[in-house]
Amino acid sequence: SRRSAFDLNKSLWGSFAVLDATHKFYFAADTGYTHNISIFRHIGKKYGPFDLSAIPIGAYEPRWMMEAQHVSPDEAVQIHIDVRSKKSIGIHWGTWALANEYFMEPPKKLAHAVQSKLLNSSSFIVVKHGEVFDLP
């Protein structure tokens, strides 16, 4: 799955959905958006709408190098829309210095991306490090 120069498409990316009679959850895992545009719409159409999704928002700079493996906050919001998620949580940010963006930048860019798509600010949230919260 392109973790080195020689392993393109050698393993699965690892996203998954958990579905039962009353709830649906989607975990996006490490993913890029540029080359996978239709797959997220397909997931949303076939398995959605999702009650909750965990979508990565960090480790996206520089784009020329990271775009196939990690989505930007703008792309994360588009995935939220494409998979038809009622609520999403931004994951994969602020723990390791994996990329060139400042480690606290992803939540700020996510808030701007949510606002620019005219979504409710509570539809895609970021949990602070160590924070505990209840889902309604």
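The values are calculated or read from the model by the stated rules, or taken from the named source; none is laboratory data. Every value quoted in this text rests on a predicted model; they were computed, and no experiment measured them. Neighbour counts are summed over all protein chains in view; Cβ atoms, including those assigned to glycine, are modelled from backbone coordinates with ideal geometry.
For the residues E131, E61, the requirement of being assigned to a loop (DSSP other than H, G, I, E, B), surrounded by 12 or more Cβ atoms within 10 Å (Cβ to Cβ), acidic (D, E) and over 12 Å from the mean Cα position of the chain (by Cα) singles out E61. Of all residues in region 79-99, those satisfying the criterion of being assigned to a loop (DSSP other than H, G, I, E, B) and either on the phi > 0 side of the Ramachandran plot or hydroxyl-bearing (S, T, Y) (or both) are R84, H92, G94, T95. Farther than 27 Å from N9 by Cα, modelled with pLDDT of 95 or more, of a type outside the set (S, T, N, Q) and crowded, with 17+ Cβ neighbours inside 10 Å: is that true of L110 in this structure? Judged against the criteria, L110 is a match.
Scanning region 72-110 for residues that are in contact with a helix residue (DSSP H, G or I) (Cβ under 7 Å, 6 or more places away or on another chain) and free of Cβ contacts under 8 Å to residues at least 24 places away in the same chain yields a count of 0.
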